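Take a look at the structure set out below.
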Amino acid sequence: MLQLATQIVLVVVGFASNAEPPTNIVLLEPSAVADRDGPPRFTRVVDAARIEAVRGWLEHSCARRALALYALAEDVRAARDASYVRSPYPIALVPGGNHADAGYVEVAADGSEVHHDEPFIKLDPSAESFGRTFLHETGHVALGIVAAERGVPSEPLASIPHTVTAITDRSTAFNEGYAVHLEALAVHLGEDPAAGPRDRHERMVFGSDRAPESEYFRPAIDFASYAQPRARYRMVRDGEFAFAPAACDADYLRAQLDPARDGASLLTPDQMIASEGFAASIFFAVALRGERVPDAATIDARERRMLEAAAAMFAATSADPHAPLLVDWLIACIQQGPAEEARAIADVALDRSHGAFVDVEAAQLWRATYLAALTLDLGSFSSPTVKRARTTWRERVLADPLVLASRLGAVVPFYVPDVEIAVVAFGSAAPLSFDVNTATEGVMRCIPGITTDDEARWIDERARHAFESADDFVARVAKNAPFAAKLEPGVPN
Ligand SMILES: [Zn+2]
């Protein structure tokens with residue numbers, strides 16, 4: 001920090017007289033006029049030292065990628081919509097700021113006000129937040145731009161804010177998964193200097209005088225930031241979020257936050273598309289697939305096609321927050337062609353999901369494959385049956401990409417008013433809430449009075465056919481069961 005401060009002072013001495021922000025951004029800060037109800041109010045930053053500090057932070061390779069992504073999203077939008085007017089990227093320097101939003105009021109020096117509807121980003125004025133946070137939040141801004149007037153849908157269902165390890169809801173998983181894949185990509189390409197010591201475990205220090213970075217804390221340190229930066233890279237890269245959480249005791253936070261997985265147990269398709277980690281692993285693989293790390297031009301071209309497919313998907317689907325966005329997006333990518341690209345993306349979808357989207361037998365086939373590997377039964381591990389199944393999956397998806405949506409059910413939320421889930425640092429609690437088509441065992445077990453028979457019936461019935469409605473769930477699972485008295489249909493207010 002001291003070094004940074006020295007740099008800023010030196011820069012200011014040289015350029016203070018004519019500092020202007022770069023032309024591709026609008027640099028804002030909170031207005032002295034207090035926010036009223038409605039959108040936040042900002043003024044343009046005019047302080048030369050501040051502008052020069054931001055110029056320095058924008059040299060971070062994550063920041064450069066973020067600015068390029070913003071321009072790319074505007075290109076994609078403009079290609080579909082001749083009336084779209086490009087504008088520089090609004091960045092509001094707000095202490096503690098770390099998220100994207102849309103709509104603000106700009107207060108001019110003479111007190112006049114201009115309303116803006118476009119997406120903008122709130123960022124803490126620090127070098128750190130212009131790294132991966134800026135890139136992640138720009139992912140949300142980019143999706144907001146290509147979603148156009150329709151917007152990215154949102155209806156949070158979970159009892160906790162989203163996080164990479166959790167199963168939350170379909171629109172959160174899509175939006176966050178897209179943003180998280182950009183972070184994973186930056187780490188993979190060595191564009192984030194902070195990633196080496198932290199995420200790639202280059203620093204290994206021991207001893208009680210080195211808290212909290214000492215190895216003593218390591219198995220739990222990822223939770224301490226809530227963002228789980230290690231899981232955001234390693235598990236996304238390796239596709240581990242396709243599997244059920246290993247923690248399945250009656251403990252909501254362990255079931256949702258612990259990254260440990262049961263590698264033999266595939267999630268269901270409905271669970272996969274409500275997992276931001278799974279969504280991130282799909283986006284990451286679409287961008288980086290291949291025998292070796294693709295060159296920069298290939299990655300840029302793939303990122304462009306990903307946003308084009310997102311724009312096409314948003315234009316074609318309703319604004320229903322329960323729409324299966326990840327699968328709709330994969331279908332749009334495959335339909336976009338050309339044939340070679342369609343085949344590569346079908347392979348990503350099928351291998352990352354281990355066939356779960358298209359084959360009711362896929363989970364069993366994967367379990368057998370996993371168990372064969374444990375016993376070094378290599379004949380069964382890579383058997384003709386597995387090869388035949390995978391070939392058939394690909395043929396079916398290429399013949400009709402809509403088959404990827406064939407096993408998805410509805411979203412059927414319930415909550416338990418009596419059970420509150422609290423994360424100490426967030427200072428508030430929320431009722432236990434879940435979609436009965438995606439709840440994991442650990443979440444089910446948090447419902448007071450539920451028995452192992454109830455859980456087994458829930459899982460069996462769901463596997464037979466996803467629940468179509470609250471009534472369907474009650475009729476098939478909860479009728480006459482004491483735990484049903486604790487449940488309320490819908491999302492808590
Ligand atoms: Zn986010």
message: Given the condition away from the ligand (no atom under 16 Å from the Cβ), closer than 29 Å to residue 362 by Cβ, modelled with pLDDT of 95 or more and assigned to a loop (DSSP other than H, G, I, E, B), answer yes or no: does some residue in segment 221-238 qualify?
response: no
Which numbered condition residue 70 fails, given (1) under 26 Å from residue 315 (Cα atoms); (2) modelled with pLDDT under 95; (3) in contact with a strand residue (DSSP E or B) (Cβ under 6 Å, 6 or more places away or on another chain): (2)
message: Pull out all pairs, ordered by first then second residue, where Cβ-Cβ is under 9 Å, the residues are six or more apart or on different chains, the first lies in segment 89-111 and is touching a residue at least 40 places away in the same chain (Cβ under 8 Å) and closer than 11 Å to residue 41 by Cα, and the second is surrounded by fewer than 17 Cβ atoms within 10 Å (Cβ to Cβ) and among the hydrophobic types (A, V, I, L, M, F, W, C).
response: 105/114; 106/114; 107/32; 107/33; 107/114; 108/114
Subset of segment 107-126 [modelled with pLDDT of 95 or more, outside any loop (DSSP other than H, G, I, E, B) and among the charged types (D, E, K, R)]: 122
message: So residue 428 passes all but one of these: (1) among the polar types (S, T, N, Q); (2) closer than 20 Å to residue 321 by Cβ; (3) at pLDDT below 95. Which condition number does it fail?
response: (2)
- request: Given the conditions (1) farther than 23 Å from residue 287 by Cβ; (2) within 11 Å of the ligand (Cβ to nearest atom); (3) crowded, with 23+ Cβ neighbours inside 10 Å, report the number of the one that residue 169 does not fulfil.
  value: (2)
- request: Answer yes if at least one residue in segment 234-242 is in contact (Cβ under 8 Å) with a residue 24 or more places away in the chain, out of contact with any Leu (no Cβ under 7 Å at 6 or more places or on another chain) and closer than 24 Å to residue 121 by Cα, and no otherwise.
  value: no
message: Among the numbered criteria (1) touching a helix residue (DSSP H, G or I) at 6+ places or on another chain (Cβ under 9 Å); (2) surrounded by fewer than 16 Cβ atoms within 10 Å (Cβ to Cβ), which one does residue 291 miss?
response: (1)
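Just the residues that are among the hydroxyl-bearing types (Ser, Thr, Tyr) and either farther than 25 Å from residue 127 by Cα or part of a helix (DSSP H, G or I) (or both), please, taken from segment 193-219.
208, 216, listed by residue number.
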- prompt: So residue 140 clears everything in (1) within 16 Å of the ligand (Cβ to nearest atom); (2) in contact (Cβ under 8 Å) with a residue 60 or more places away in the chain except one condition, right? Which one?
  reply: (2)
- request: Filter segment 447-483 for residues that are in contact (Cβ under 8 Å) with a residue 24 or more places away in the chain, more than 25 Å from residue 363 (Cα to Cα) and not in a helix (DSSP H, G or I) and give the result.
  value: 447, 448, 449, 450, 481
query: Taking residue 179 and the conditions (1) over 10 Å from the mean Cα position of the chain (by Cα); (2) within 14 Å of the ligand (Cβ to nearest atom), which numbered condition does it fall short on, given that it satisfies the others?
result: (1)
- prompt: Just checking, how many residues over segment 454-493 are over 17 Å from residue 416 (Cβ atoms) and in contact with an Asp or Glu (Cβ under 7 Å, 6 or more places away or on another chain)?
  reply: 2
task: Please tell me if residue 161 is outside the structural domain of residue 254 (by TED's automatic domain parsing), surrounded by fewer than 19 Cβ atoms within 10 Å (Cβ to Cβ) and within 11 Å of the ligand (Cβ to nearest atom).
output: yes
Members of segment 143-155 that are assigned to a loop (DSSP other than H, G, I, E, B), more than 12 Å from the ligand (Cβ to nearest atom) and either in contact with a Ser or Thr (Cβ under 8 Å, 6 or more places away or on another chain) or among the acidic types (Asp, Glu) (or both): 153, 155
- line: Scanning segment 106-132 for residues that are out of contact with any Gly (no Cβ under 6 Å at 6 or more places or on another chain), within 16 Å of the ligand (Cβ to nearest atom), closer than 23 Å to residue 31 by Cβ and not aromatic (Phe, Trp, Tyr) gives 121, 129
message: Being modelled with pLDDT under 95, within 16 Å of the ligand (Cβ to nearest atom) and on the phi > 0 side of the Ramachandran plot is true for just one of 96, 103. Which residue is that?
response: 96
message: Condition first: modelled with pLDDT of 95 or more, in the same structural domain as residue 251 (by TED's automatic domain parsing) and closer than 22 Å to residue 272 by Cβ. Can you find one or more residues in segment 380-390 that meet it?
response: yes
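The values are calculated or read from the model by the stated rules, or taken from the named source; none is laboratory data. Just so it is clear, the structure is predicted and the values come from calculations on it, not from any experiment. Cβ sites come from the backbone with ideal geometry, for glycine too, and all protein chains shown count toward neighbours.
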